Every structure is written in structure tokens, then in C-alpha cells.
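Note sheet for the following structure.
The values are calculated or read from the model by the stated rules, or taken from the named source; none is laboratory data. As the structure is a prediction and not an experimental result, all values here were calculated from the model. Glycine gets a Cβ as well: all are built from the backbone with ideal geometry, and neighbour counts include every protein chain shown. Only protein heavy atoms, including side chains, enter the accessible area calculation; ligands, DNA and RNA are left aside. Shrake-Rupley method; radii C 1.70, N 1.55, O 1.52, S 1.80 Å.
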Amino acid sequence: IQLTFVVAEKEAKLRESMGQMGLNSASYWISWFVSCSITNLVCVCFLAAFGIMIDLDLFVDNEFLTYFVMFMLTTTSFTAFAFLLSTILRTTNAARSAGILWFLLTFITDPILVLIYFRDGDPETRAIINGISLIPGCSFFHGMYEIIEASSGESKPGMKWAEQIGKS
């Protein structure tokens, strides 16, 4: 959605018009980042609130800061990736198609990549893991796996923020 809005503004040549009125490039991108970050913050807060209200183990058993930071970092990485794609794509239809394609590829391939490479802790796959972690969304699936693993079952207490500090 964010990608489509940025490309629609570009397609309508609004950025060029704002540039003629004195808006510099940094102000343009900062304003987009701030507005997208506020939107992301609201979405993450609603997600957490509804998860707590319906008593999902993920939200109840784990410390709030643990999953809040993970969700915020994930949404921020997707926003940054949308900005990157917006510099390449020229039309709103292309942006919409690219966004849907990226969404489908991410939610099909990333869980598989996480299961293959992140599970064993083999030092030989460290370079592959570092490369895969640069893909927006892949670290999210790894983090979700860890959080769910820490809170699934009666005997597991959930993940605490203080336990994650300094953990590699």
C-alpha cells in the first residue's frame, strides 16, 4: 500500500511540482518515512491490542517489548524496501503488481528458507544466513519462530526482552 501511494505521487508528478516550490529531496523522503512510521506504529499497536484482547499465547506469554520491537523493525524494513522499489517503478499498476508479487514470494519462500538455514546453527551457513537476513521479512519469520517456540505449551514461560539483550 505504501509503495502504491509513493509511486502514484510520482506518476502524478506531484514530487516535481513540490520541488519547484522549494521542497528538497530529503524533506520529501523524511515526510514519507514519518507518515509511514506513524501508520506502522498504529497498525502494530492495534495488532498487539487485539492479540492481547483475544488472549493469544504469543501476545500474553511473551513480554510486550519483545514482539513490539520485532513487528516495528519488520514494518520499517518493508517501508524502506517500498521506497527502494518506488525509485524503480513508474506506474501505480506496476507498483501494485510488484507489491502483491513480493508479498506472495515473501510469505511462501521465507518460512522455507528459515526452516532450512536458521535451524541447525551450522557455522558454514552463517554467510547464507547473513545474506538471507537482508531480505525484508525473512528475519521476521525467524523471530516469529523463536517467539512461538518460547511460548508454546504450558511449561514454556515465553520470551523476555532482558533475556535477548546480548544474545547472538
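A few points about this structure:
- Compared with the alpha-carbon gap, the fully stretched path from residue 128 to residue 160 is longer by 8.7 nm at 0.36 nm per residue.
- The gain in end-to-end length when the residue 30 to residue 8 segment is fully stretched comes to 6.2 nm, 0.36 nm per residue minus the alpha carbon separation.
- Under the span-like rule (Cα at least 27 Å along the axis, Kyte-Doolittle mean at least 1.6), DSSP H helices of the chain: 64-88
- Separation in nanometres of the label points that stand 7 Å from Cα toward Cβ, at residue 80 and residue 41: 1.9 nm
- Listed values [x] 21.5; [y] 18.1; [z] 17.5, entry calculated as Kirkwood radius over Cα pairs in Å: [y]
- In Å², nearest 10: area of residue 28 left accessible to a 1.4 Å probe: 10 Å²
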